[in-house]
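Okay, so here's the structure we're looking at.
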């Protein structure tokens, strides 16, 4: 199977629907934008042996490679539009490609996000996706917009993916799904456009990602540990390092956002329709840095660092 | 050096100039587009050991990774706007990163193309760039627009990069530069918007890339071998496989385009101002397939295939 047959069999789904020109030319071309809108752009690269095992279910790899990018759009309040895929493969393994493309396209279709182009080459397994989303001008949920007095919210539950990594083969299906098939919170991001001030997706762990928001916004934050929503398996676990797994485990792909207290009831009202838990876990304060407080309001031990590929 | 220091030292050049929001948030945000324009998008992935040697000059790697993407924009007639960079590195080698980013940014500045975001991770050396360019609606130089009777043109000279690969250490500096530092023909692409019909950049070899144009446009093509512009080293070489190097060597990054014969003099007039040779090498004909004809008009031997990563 040559490069062009590979593309045509697994990645070319015919004429572009949402774009002017899709797979098969030097560039893809987007439709002209609606007035008053602009484009959000994110890129994530997943490497075999680091972000997933080479032996991982290819459908999960396809799902996750797109999901982590859609999660970036969600954290910006952007609506998914289109994406490009660059793929380095050790060989043209048809079964792997079938699973990978099926997993990727299932999630793409769910979010009406179109593959418009890319690149395939031989090399150590590497998946790089760039996603494009639409956003009204000025509506972005930026990291640098948090203000002292804001409530701090997080969607869903934390620590499930980290627990799955910890447990390995012993992980329950729900925990594995959190790790292998994260659900990008796109609908929540869209709903938050006029309710939240700052937002970020929790990919490196809550404390680390909240630290980025604080740094960029020049504020501090206080998190109430008892208010942090734990993944079911973690809530029931007796592990001493539950805080580390929930607050610094990473791979959660939930949205962490700050919002003015007057928006509390509007935000709470989103949970039902979205079928998503929304927890108020603390607040933005003057100063700098992230403090996590236990049941009695005492600062918990430090050492909850964000994941760093090069540290 | 951690991931964030790495980004801040080598890839964050301060607030975005041409974009609304650049490096450092979940997504980058482009400026709202001018009415009547749209976006062209291309992605190319370069893998160490395949597209370049791991020991290659990092500045050349940075240059080339962006150049091959800008070449895609050029082939569409799009003006470079912004790009994202995803980088997998075996380790955070400061000297490598310094050279790489210097080579990349020098070319980016030359084309006023802004780095707006990306991703860094540990892994086998891999560089993936996605470039965004601006294009008036309907002005794209698509592959499927060639018509019988069109002249066939190519910019610059062919075969220099292939010769450099062949000669290895013995290659002359000019040939090495063709391989290591290809110059994307962005200005030519812009000038051809109203003069050319179909265009493609020659990355896999002229015959193979012309084959893509023919297939998409449902036409055939005749190339006059004596009219094909050869890289200086190749023109002087006695190598029996000069046609293979010039027509199927790849890595040329010249523009191949078709245009109506009435545009001949306008196209010829571009060469001077652009400082770029423009050669009329054949024509588009009814039917299908690419035929290369020698000095006496006889078809030359077949076997001039495009480079294929998986064949």
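If you fit an axis through the alpha-carbon atoms of helix A:206-217 and take the longest principal axis of the Cα set of chain A, what angle between them do you get, 0 to 90°, nearest 10? The helix A:206-217 is inclined about 80 degrees to chain A. Would you mind classifying region B:1-80 by shape? Square roots of the alpha carbon gyration tensor eigenvalues, ordered a ≥ b ≥ c; an a/c under 1.5 is rounded, otherwise it is prolate if a/b is larger than b/c and oblate if not. In terms of gyration-tensor shape, oblate. Entry note, region B:143-293: relative contact order of 47 percent, from Cα contacts under 8 Å with a spacing of 6+ residues. Inter-chain neighbour count for B:126-135: the average number of beta-carbon atoms from partner chains within 10 Å of each residue's beta-carbon is 6.
As an exercise, take the mean of 1/r over every pair of distinct alpha carbons in region B:143-293, invert it, and state the Kirkwood radius in angstroms.
Values: mean 1/r = 0.0654 Å⁻¹.
In region B:143-293 this quantity evaluates to 15.3 Å.
Based on alpha-carbon atoms, the Kirkwood radius and the radius of gyration of region B:3-136 give Rg/Rh equal to 0.96. Taking chain B as a Gaussian network of alpha-carbon nodes connected by springs under 10 Å, the highest mean-square fluctuation of the residues B:144, B:93, B:180 belongs to B:93. Remark: label point of residue A:91 defined 7 Å out from Cα along the Cα-Cβ vector; separations to the same position in other copies 3.2 nm, ascending. For the peptides A:124-132, B:197-205, the ranking by packing is A:124-132, B:197-205, with the highest mean count of neighbouring Cβ atoms within 10 Å listed first.
Between 0 and 90 degrees, the angle of helix A:264-274 with respect to the longest Cα principal axis of chain A falls at about 40 degrees. Structural descriptor for chain A: relative contact order 22 percent, calculated from alpha carbon pairs under 8 angstrom and at least 6 residues apart.
How many Cβ atoms of partner chains, on average, are near each residue of B:79-86 if near means within 10 Å of its Cβ?
If you average over the peptide's residues, the count of other-chain Cβ atoms is 3.
Angle of helix B:58-76 to the longest C-alpha principal axis of chain B, folded into 0 to 90 degrees and rounded to 10: 50°. Classify chain A from the C-alpha gyration tensor, please: rounded if a/c falls under 1.5, else prolate or oblate depending on whether a/b exceeds b/c. Verdict is oblate for chain A. Relative to its Kirkwood radius, the Cα radius of gyration of the protein assembly as shown gives an Rg/Rh of 1.01. Ascending distances from the residue A:56 label point to its copies in the other chains, with the point 7 Å along the Cα-to-beta-carbon line: 2.8 nm. Does region A:236-296 come out rounded, prolate or oblate by the C-alpha gyration tensor, with a ≥ b ≥ c the root eigenvalues, rounded set by a/c under 1.5 and, if not, prolate when a/b is larger than b/c and oblate if not? It is oblate, given that a/c is not under 1.5 and a/b is not larger than b/c.
For residue B:215, the label point sits 7 Å beyond Cα toward Cβ; its separations from the matching points on the remaining copies run 4.7 nm, from shortest to longest.
Mean partner shielding of peptide B:11-24, defined as the number of other chain Cβ atoms within 10 Å of each residue Cβ, is 2.
Quick one: work out the % antiparallel among DSSP beta bridges in chain B, nearest 5. In chain B, DSSP labels about 75 percent of beta bridges as antiparallel.
Throughout, read-outs are computed from the coordinates displayed, never taken from laboratory work. Treat the numbers as computed from the prediction; the structure is a model and nothing was measured. Reconstructed Cβ throughout: ideal geometry from the backbone, glycine too, with neighbour counts over all protein chains shown.
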